[in-house]
Each structure stands twice: as structure tokens, then as C-alpha cells.
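Read-outs throughout are calculated quantities, based only on the coordinates presented, and are distinct from any laboratory measurement. Only a predicted model underlies this, so the values are computations on that prediction, with no experimental measurement involved. We place every Cβ from the backbone using ideal geometry, glycine too, and count neighbours over all the protein chains shown.
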Amino acid sequence: MSKFSKLFFIVALISLISACSYDSSKVIVAEYDDSTISLSEFEQAYVKNTGNLEAAKKDTITAYKNFLDLYVNYKMKLNDAEVRGYKSDPELQREITDYKVAIGQTIYLEKELFDPWMKNLYERRKKEYRVSHIFLVPDSSRNEEQTVALAKELIQRIKNGEDFGKLASEYSKDNYTKGRGGDVYYVVSGNIVSPSLDDAVYAIKTAGEVYPEPVKSSFGYHIIKVTDIVNRKPYLKALHILAAFKDSTGTTDTVKALAKIKDVEARLKAGEDFKELAKKYSDDPGSGKRGGDLGKFERGKMVMEFDDAAFKLNKDEVSSIIKTQFGYHIIKVYEIGELPSFEEDKENLKDLFQRTRYKNEYDVLVDTLKVKYGFKLSEATLQNIIDFKDTTKLTVDYKEMEISKKFGKNELFVMKSDLYSVDSLLAYMTRQKNMLLKPISKGLLTDALYFYSTSLALRYKSLEFDKVNKDFAALMDDYESGVYLFKLLEDEVWNKIEIDSVSLLNYWKGTKENYSFGDRVKYNILYSKSDSTIYNFYSMLKSGNDFDTLMNKNIDKRELGNRLNEKDFVDAQSDELSIAANKLTNEGDYSAPVKYKDGWAIVRLVAKESAREKTFDEAKAEASSLYQESESKRLENEFINSLKVKYKPVLNYEELERAFK
């Protein structure tokens, strides 16, 4: 078992049996050394072990006693670890700190970024907003300051009563929407390209409102107006009947199409079946034969006129005649999707957040931490190393570089009263694979400074996060105890196990009845995915062809890989091939074709072997594992007994009668 596997097992065990804290209860269920275990502590530990209070209450006194035995042993081990000075061991403390930083950062970001924003997104996505905008971009005729001034002027003109659509047509640089008065159509949080636009849209609570300030995005400046707010429908399932403008010859006849759709509309109003009419009259070749069924579609997947009409319908409601670029439609919605629960939507929300907002919110959070920890950059030092223009490529021997020799010991920044030099930045850069062997440049230095200072800010937060988060504090207590127990067992058990050939041989002799083979077979095969090919092989064998010659020509068998190298004995019941081989009587006999995987096989028996005990060499690996396990148990029992002698535990089993009362 690897160190990681052992440590993981120990931490998992601790998370099950360790209690949170002592209670004020005066009932003592155990004593050891100068310490006591109260009934309250026992109950908390037991509930943690069983998973819930109700299950714990139903258990027997015998179960309580067995758990108390284990719990006292666990507590004595931790006590012994403290006596040995593990809490001041630099290597152990470094391991604990590294884990705390790595896991703390992950949990902190989950709590401070992912959880609140996923919930925010979920609430926002209950509504869809129809939005119009006027898009302004700084250009040769108007700089950024003038663009902002124009945007503010237009907002004021709209407030004074001027028509938003007319101003959009006149001023907007968005050629796609300006022709329809700036109408972007319906949007939903998480699908809006810019976080600033998302925030501005959802800050508006009433249709008809204009956001009071210009909104900056990576594209330019936007004046935002919300024209409609509706409850979001995740998807629709609908039927439609199309009367196309163009006939089968490509001739356009809108009059004929309108007459056709009006006739269909009249038939529907007279009570005729929608699906039957779609099959008979719809010009949509795809959906027509399915009774007009378009299946499931989300908002924005259809052309706007069709989409808008469909999403305004209730279930089983039939639309009026709708005109699109393709022709005239009548739509019937037969299913409206329900909003998923937060738990059902969690993975989607997480993905949306990561794609649309994570970088922005992460930067804001990190900047807040840097302010909290007093980040202060030496602008002069930064400018000096930027101006130095050392084009030498960064290597792990950064101290040999001129930039380090000249500025290495200079203070670059301060955070939480700790001073960080230029050399500390260069050292950080050498640990980043994407920075090694790159020329020192302004871009590389500024990027490195950002990432380095960010990692330090998150490190500081992780190291103190257990003080404000009880779950993380409990996790760290369990992990720290696990590290100490691992070290203790490593010293007292695992490192003391010595396996030599003599002791292993003696162990095997005493337990060799535990190591045996069942009936085994060795065989060759012919294989093909084609039944005709395999039966052709079978006929050739029956006609006297040599099995080995056919095997050499058997290309399909290579697809089975090395598993069928046919050099070793295998268990006679391991699969279809070994079962078929075991049914053969004499060496050289071959089977009829056998179905195997996605093909067929013919099996030739090479040899059979009856069940027998394994030789020492055959059992060596298995015996070694069991011997190691046996020695581990023996040494651990000896260690527990030594702790009992040392700490003299007293277990008051009678007090367990009062547990969970």
C-alpha cells in the first residue's frame, strides 16, 4: 500500500470516529494518562461514525463497547504522537501546511465565488429579459471620453421623452439590431457575453426602464433598455404547419401561401386534427411527415418571429397565422419545459459561471484580499527590472542572470508585513513551466507579478480560513491527526516489518493450504469477427489443414491484443474460451466455433492441469502480501498493548448504558 493510500485511509477513518469537541457532561466513559473521555464526546464521535443520530440510538451496548475500545486506542495514539513531538516536526508541519493551502484555497473559492454566484445565476435565470441597446464605439471621430459623454446625453434625451428606437437607428453601431430599433431579443443570465451587461440588465426590475448609466463591455459602450420581462421557459415542444412562399419549382407565390394557411386555420377551428393536417398540408418536408413535430427547442433556436410567437403560447394553445421569411406558420405547443431545481442545474450553473463570470469575479476577490493583506508594490523596483531589458532566457539558475545580480535582493512588494524580493519573483517564475526558457520581458514580468502576488494572497487566506469556516477546521483537524497517526504507524509498524526469504518460506509452509490453483487449461485459438470466416476455418480443419498454419494467417486475432498470447495456463472457468477448451479431451483437439466478444473463435487444447497447491515460487507474491498484513496486525497489537501499559486506560463500560438517552 502506498503512503498516499495509507494516509488517505487513516484520514477517512478519523473523519468517521473523531469527535468535534468536549461537552460539559460530567459522565466519564474512559480515562487514559491525564485525559478523560466524556459521554458527550463519545456520543458525538459515535454519531459521526454511524452517519446519523437515529442510527446511533438504535445500536446495541455491545456496539458501543466495541467502538469505545477503538476510540480509546485512537486517542492514546494521538496522545503518544504529541508526546513524541510530532507537532513540532518541520517535515510534518510542512506537509500539513501544503495540504491546508491547497485544499483551503479550493474550499474558499467554492464558498466565496462558486456557491453564491451559482445561486445568483439560478435566481436570475428564472426570468428572461427582452433587451434593446444603443451601441457606441470610440473611433477616429470620437474618443472614449466623448463616447461616454454622448451615451450620457442620449440617456438624458430618452428620459426627456425621445424615442429609444429612433435614437438606436441613428446612433447605434450595431448594424444587426439598429434596423429594428436596437432590439436584441430575449436574453437570459449566463448567456449574456459580458458580466457588466448581465448585471445591468438584471438590475432593471420593470419593463420599459432604461439603465441610468452607459454600460462598458469589452466591445464598447451600451445604452440598455428592457422592453419585456417574462418567466423563463427552458424549452418547448411544438408542432407547426408551414405554407411556404416558394413551391417545389422555386416559384414564389405569397398569395397562394396565405390562402393555403387560411384554409388550414379554418379546418383547425372546425375541429380537424392538427397532426393530420400537418401531414397532409405542411410544406416543411422534415416535420410534415411527423405530424408537424419540431421536437424540443430552446429560446432563440428558431427565427425570431416564430420563436416569439411560440414562447408566448400556453400548453395545447394554437397560434394565429405567423409570417416568417420561409412562409406562413400555425404553431401548437404540446409541452413546456419546467425549470430544473438548483441541485439538478448545479453542473450547468457551474459551467456557465466558469465561462462567463469566473475570471472577472476571481480578479475582484483577489484584489479584495490584496487590499486586506496590505499589498504594496514598489513601483520603482518594478520599473527598474522592466527597463533593465535582460533578454536572457529564464532558467532554474536564475541567480546567475544579470537581472538577479543587479536587483535580486531589492524589495519588490510587501504583503501582510512580509517582504518579497525580485529574487523571490524569479524563483516563482522558475517553478512555472510556461515561463521557463522565455526571455525576460515586460509582459512576462507583469504576468508573473500578478500570478505570484495572487497565489500569496490566496495562501494567506487559506492559512486562516479554518478560523472562520467550521467545516474546513474539522477537515484540517482530521487531516492533521491523520498525518500524525500515519507517522506513528510508519515508525512503529510498517518500517519494522522485515520480509526475508527464510521467514517468508516458513510462513508459506505454515499456510500453504491457502494457496492453490483450480483446474486450468492452456489453449490456442482461431478468431474472426465474421461467422462465415470462422466456419470456413472449421471446414479447413475438418479437411486436414494444419491449425498452426491457419493461426499464422489469422489476422483478426491480433485485434484481441496480448491477452490471448496463449503461453500460460488460465483458470478453466475464466471465460467462454477456457470453458470450451476444458471440455476437450485430448491435447490437440479443437472445438466447434464458439461465440466470443463481438466475433467467433475455435479453440485448440494445448494442455490441462488439475487443481493443485501452488509452489512457493507461484505463491510468493500472494504469501508476501498476507505475511505483511499478518505482521502489521501483530506489530500494531504490540504497539497498542505498549500504549495501554504506558497510559493505563480505564474504560467505564457501565456508563454506556446512558448513551443517547
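Please order THR177, THR249, THR395 by the number of other Cβ within 10 Å, starting at the fewest. All intermediate terms of the calculation are to be shown ahead of the outcome.
Numbers: THR177 19, THR249 5, THR395 11.
Final ranking by Cβ density, sparse to dense: THR249, THR395, THR177.
On each of the three principal axes of the Cα atoms of the stretch 188-307, give max minus min coordinate, whole Å, ordered largest first.
Per principal axis, max minus min of the Cα coordinates gives 53, 30, 24 Å.
Return the loop-located trypsin sites (Lys or Arg not before Pro) in the stretch 579-635 (DSSP other than H, G, I, E, B) with at most 16 other Cβ atoms within 10 Å of their own Cβ; answer none if there are none. Can you show the working numbers first?
On the way: sites: LYS583, LYS595, LYS597, ARG604, LYS608, ARG612, LYS614, LYS620, LYS633, ARG634; in loops: LYS597, LYS614.
Sparse-neighbourhood loop trypsin sites (Lys or Arg not before Pro): LYS597, LYS614.
How big is the stretch 236-336 on each of its three principal axes, counting only the C-alpha atoms and giving the largest first in Å?
Sorted largest first, the three principal extents are 36, 30, 22 Å.
Which loop trypsin sites (Lys or Arg not before Pro) in the stretch 78-187, with loop taken from DSSP, have no more than 12 other Cβ atoms within 10 angstrom of their Cβ?
On the way: sites: ARG84, LYS87, ARG94, LYS100, LYS111, LYS119, ARG124, ARG125, LYS126, LYS127, ARG130, ARG142, LYS152, ARG157, LYS159, LYS166, LYS173, LYS178, ARG180; in loops: ARG84, ARG125, LYS126, LYS173.
Sparse-neighbourhood loop trypsin sites (Lys or Arg not before Pro): LYS126.
Using 10 Å bins from zero, what percent of all Cα-Cα pairs in the stretch 344-481 falls into each bin?
Pair shares across the bins are 10, 32, 29, 19, 8, 1.
Across every pair of different alpha-carbon atoms, what Kirkwood hydrodynamic radius in Å does the stretch 523-661 reach?
Details: mean 1/r = 0.0506 Å⁻¹.
Mean inverse Cα-Cα distance, inverted, gives 19.8 Å.
Let's test the formula: R0 of 45 Å, r as the Cβ-Cβ distance of ASP247 and VAL137. What FRET efficiency results, to the nearest 0.05?
0.50
Can you give the charge dipole size of the stretch 407-528 about its Cα centre, rounded to the nearest 20 debye, using +1 on the beta carbon of Lys and Arg and -1 on the beta carbon of Asp and Glu? Don't skip to the answer; put the middle values down first.
On the way: 16 positive and 17 negative charges, 135 e Å.
Computed charge dipole of the stretch 407-528: roughly 640 debye.
Relative contact order for the chain: what percent, with Cα pairs under 8 Å and sequence separation of 6 or more?
Numbers: 920 pairs, mean separation 97.4, N = 661.
Reported as a whole number, the value is 15 percent.
For the stretch 316-411, which trypsin sites (Lys or Arg not before Pro) pass both filters: DSSP loop (anything but H, G, I, E, B) and at most 11 other C-beta atoms within 10 Å?
Numbers: sites: LYS323, LYS332, LYS346, LYS350, ARG355, ARG357, LYS359, LYS370, LYS372, LYS376, LYS389, LYS393, LYS399, LYS405, LYS406, LYS409; in loops: ARG357, LYS389, LYS409.
Of the trypsin sites (Lys or Arg not before Pro), the ones in loops of the stretch 316-411 whose Cβ has at most 11 other Cβ atoms within 10 Å are LYS389, LYS409.
Against the longest principal axis of the chain, how steep is helix 144-159, in degrees 0 to 90 to the nearest 10, with axes from Cα atoms?
Long axis of 144-159 versus the principal axis of the chain: about 60 degrees.
Expressed as an acute angle from 0 to 90° and rounded to the nearest 10, what is the orientation of the C-alpha long axis of helix 90-109 relative to the principal long axis of the chain?
The helix 90-109 is inclined about 30 degrees to the chain.
Over the residues of the stretch 33-133, compute the C-alpha Rg and express it relative to 2.2 N^0.38 Å.
Computed over Cα atoms of the stretch 33-133, the ratio equals 1.82.
Once you charge only the Cβ atoms, +1 for Lys and Arg and -1 for Asp and Glu, what is the size of the charge dipole of the stretch 113-202 about its Cα centre, to the nearest 20 debye? Walk me through the numbers on the way to the answer.
Numbers: 14 positive and 14 negative charges, 65 e Å.
Here the stretch 113-202 has a charge dipole of around 320 debye.
Any idea what the dipole of the stretch 236-336 comes to, in debye rounded to 20, about its Cα centre with Lys/Arg Cβ at +1 and Asp/Glu Cβ at -1? Please list the in-between numbers first.
On the way: 19 positive and 17 negative charges, 22 e Å.
Approximately 100 debye in magnitude.
Among LYS58/LYS470; LYS100/LYS205; LYS100/LYS433; LYS127/LYS279; LYS260/LYS312; LYS111/LYS178, which pairs are too far apart, with a Cα-Cα distance over 31 Å?
Details: LYS58/LYS470 28 Å; LYS100/LYS205 43 Å; LYS100/LYS433 24 Å; LYS127/LYS279 36 Å; LYS260/LYS312 24 Å; LYS111/LYS178 42 Å.
Where the Cα-Cα span goes over 31 Å, the pairs concerned are LYS100/LYS205; LYS127/LYS279; LYS111/LYS178.
Over 11 Å apart: what share of the alpha carbon pairs of the stretch 263-303 falls there, rounded to a whole percent?
Working: 535 of 820 pairs.
Here the long-distance tail beyond 11 Å is 65 percent of all Cα pairs in the stretch 263-303.
Could you give the angle, 0 to 90 degrees to the nearest 10, between helix 3-17's Cα long axis and the longest principal axis of the Cα atoms of the chain?
80 degrees
Sequence gap at least 6, Cα distance under 8 Å: using those rules, report the relative contact order of the stretch 371-465 to the nearest whole percent. Intermediate results must be reported in sequence, preceding the final value.
Details: 108 pairs, mean separation 29.5, N = 95.
Once normalised by length, the contact order is 31 percent.
Relative contact order for the stretch 127-231 using alpha-carbon pairs under 8 Å, separation at least 6, rounded to a whole percent?
It rounds to 42 percent for the stretch 127-231.
Given (i) 371; (ii) 230; (iii) 161, which label gives volume of the Cα convex hull per residue in Å³ as computed from the coordinates?
(i)
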